[in-house]
Amino acid sequence: EAKATGKNTYSVYQEEMGRHLSARIQMEKHLRNAIQQNELYLMYQPKIDLGNGKVVGVEALLRWRNPKLGLVPPNVFIKIAEDSRMIIPISEWVIQQTILQLQAWQKTEYSHLSIAVNISSNQFSHENFINDLAQKLDVAGLPRRLLEIELTESTVMTNADENIKRLQLLRHKGFDLAVDDFGTGYSSLSYLKRFPLTILKIDKSFVDGLPKDDEDISISQAIIQLAHSLEIKVVAEGIETIQQLEFLQQQKCEYGQGYFISRPLEINNLHPWLETHGNNFYQSDTYLNGLN
Ligand code: C2E
Ligand code: MG
Ligand code: MG
Ligand code: MG
């Protein structure tokens, strides 16, 4: 009886595993064709200067829509892409699209806007990544400061000593360097001092409880003060309310992103958004209506 149950449990487990595995293999198979089937696209989330309300740039966020699988969240497919090395061609596609967009803006009133791209650790540790990137921007005739590199805290902290050299090269080449999801990983403060970073992004999980939760207040204030003492600027991600925005503004956090300002937008929606919010978010209806 017990044995039968055990066996039964085992086979149910095995079946689960099998389903899970084949779903993954299916996804991987579809992902392999995603670029050539035109299934990838970028969304752009505006980033504002919290001091004056001006839009300073956008973050490029990758989307994958497959006819069979629907819209697959990046947290799911990027992991698969990383494990299967598909992240390299996919990332190249992201960078290529980003450069095309920056180029398209150069002849317009949006020529000052930067685009931040998320870079995976296996992409970052790729031998020629930095030199290739610098060359691509040169060929495109774009100043390097327009393309901002976002690396997660764990990417930066894994092989920290080796990464310091890469980060120095990136800075030397004129790229801005942001550490994403800051506060969620393991960060040695002494390393932070040695890393040539320009921007820290406070993780959304610490913004959520603002302006009421005591722990989130302490953590976000500590991150801002630490960054400023190292002459690093701060971006708060995941700002969903005007109260969070105002708290961060009072703490002299330089930049902000989040649904309260704008959700990530497709390029066709970004341009109209910039028309109505671009000169100054603090003079837009979105902000002024939030005040009441
Ligand atoms: P991330 O770089 O930390 O991006 C922020 C995520 O938070 C995005 O999710 C964004 O849509 C979401 N977000 C922004 N504001 C708010 C808000 O106010 N409330 C809430 N609830 N969410 C907000 P998304 O687009 O699903 O991306 C998830 C992660 O996938 C990104 O986290 C990034 O690590 C990764 N990712 C996205 N695009 C790329 C890419 O092109 N390459 C690589 N390597 N990773 C990417
Ligand atoms: Mg990011
Ligand atoms: Mg982030
Ligand atoms: Mg995050």
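The values are calculated or read from the model by the stated rules, or taken from the named source; none is laboratory data. Owing to the predicted nature of the structure, the values given are computational and were not obtained by experimental measurement. Cβ: placed from backbone, ideal geometry, glycine included. Neighbour counts: every protein chain shown.
Scanning the stretch 55-102 for residues that are exposed (fewer than 15 other Cβ atoms within 10 Å of the Cβ) and within 19 Å of LEU274 (Cα to Cα) gives a single hit, LEU100. Among the residues here, LEU170 does not qualify as away from ligand 4 (no atom under 16 Å from the Cβ), assigned to a loop (DSSP other than H, G, I, E, B), modelled with pLDDT of 90 or more and surrounded by 19 or more Cβ atoms within 10 Å (Cβ to Cβ). Scanning the stretch 133-158 for residues that are under 22 Å from PHE195 (Cα atoms) and either more than 16 Å from ligand 4 (Cβ to nearest atom) or surrounded by 18 or more Cβ atoms within 10 Å (Cβ to Cβ) (or both) yields a total of 16. Any chance the stretch 266-274 includes a residue that's over 15 Å from ILE48 (Cβ atoms), within 16 Å of ligand 1 (Cβ to nearest atom) and in a helix (DSSP H, G or I)? The answer is yes, given that some residue of the stretch 266-274 is over 15 Å from ILE48 (Cβ atoms), within 16 Å of ligand 1 (Cβ to nearest atom) and in a helix (DSSP H, G or I).
Here ILE217, ILE223 are screened, and the one residue that is closer than 24 Å to SER114 by Cα, part of a helix (DSSP H, G or I), among the aliphatic types (A, V, I, L, M) and more than 12 Å from ligand 1 (Cβ to nearest atom) is ILE223. Pairing each residue of the stretch 174-194 that is more than 12 Å from ligand 4 (Cβ to nearest atom) with any residue that is assigned to a helix (DSSP H, G or I) and among the polar types (S, T, N, Q), provided the two are 6+ apart or on different chains, yields C-beta distances under 9 Å for TYR186/SER154.
Note on the stretch 55-100: residues that are in a strand (DSSP E or B) and within 9 Å of ligand 1 (Cβ to nearest atom) total 5. Residues in the stretch 173-209 that are within 23 Å of GLY258 (Cα to Cα), in a loop (DSSP other than H, G, I, E, B) and within 16 Å of ligand 3 (Cβ to nearest atom): GLY183, THR184, GLY185, LEU197, THR198, ASP203, ASP208. Taken together, the criteria place ILE119 among residues that are at pLDDT 95 or above, under 14 Å from the mean Cα position of the chain (by Cα) and either closer than 23 Å to ARG194 by Cβ or within 16 Å of ligand 4 (Cβ to nearest atom) (or both). Flag not set for ILE99, criterion: within 16 Å of ligand 4 (Cβ to nearest atom) and touching a strand residue (DSSP E or B) at 6+ places or on another chain (Cβ under 9 Å). Of the listed requirements (1) free of Cβ contacts under 8 Å to residues at least 60 places away in the same chain; (2) of a type in the set (A, V, I, L, M, F, W, C); (3) within 16 Å of ligand 4 (Cβ to nearest atom); (4) touching a Pro at 6+ places or on another chain (Cβ under 9 Å), ILE219 misses just one: (4). Being within 11 Å of ligand 1 (Cβ to nearest atom) and not β-branched (Val, Ile, Thr) is a description that applies to ARG263. The set of residues in the stretch 168-194 that are among the charged types (D, E, K, R) and more than 14 Å from ligand 2 (Cβ to nearest atom) comprises ARG171, LYS173, LYS193, ARG194. Among the residues of the stretch 16-54, those identified as under 15 Å from LEU274 (Cβ atoms) and either touching a Pro at 6+ places or on another chain (Cβ under 8 Å) or not β-branched (Val, Ile, Thr) (or both) are MET43, TYR44, GLN45, PRO46, LYS47, ASP49, GLY53, LYS54. One residue alone among SER205, SER187, SER220, SER229 is closer than 26 Å to THR155 by Cα and surrounded by fewer than 14 Cβ atoms within 10 Å (Cβ to Cβ), and that residue is SER229. The set of residues from the stretch 71-81 being within 16 Å of the chain's Cα centre (by Cα) and either farther than 13 Å from GLN123 by Cα or modelled with pLDDT under 95 (or both) comprises PRO73, PRO74, ASN75, VAL76, PHE77, LYS79.
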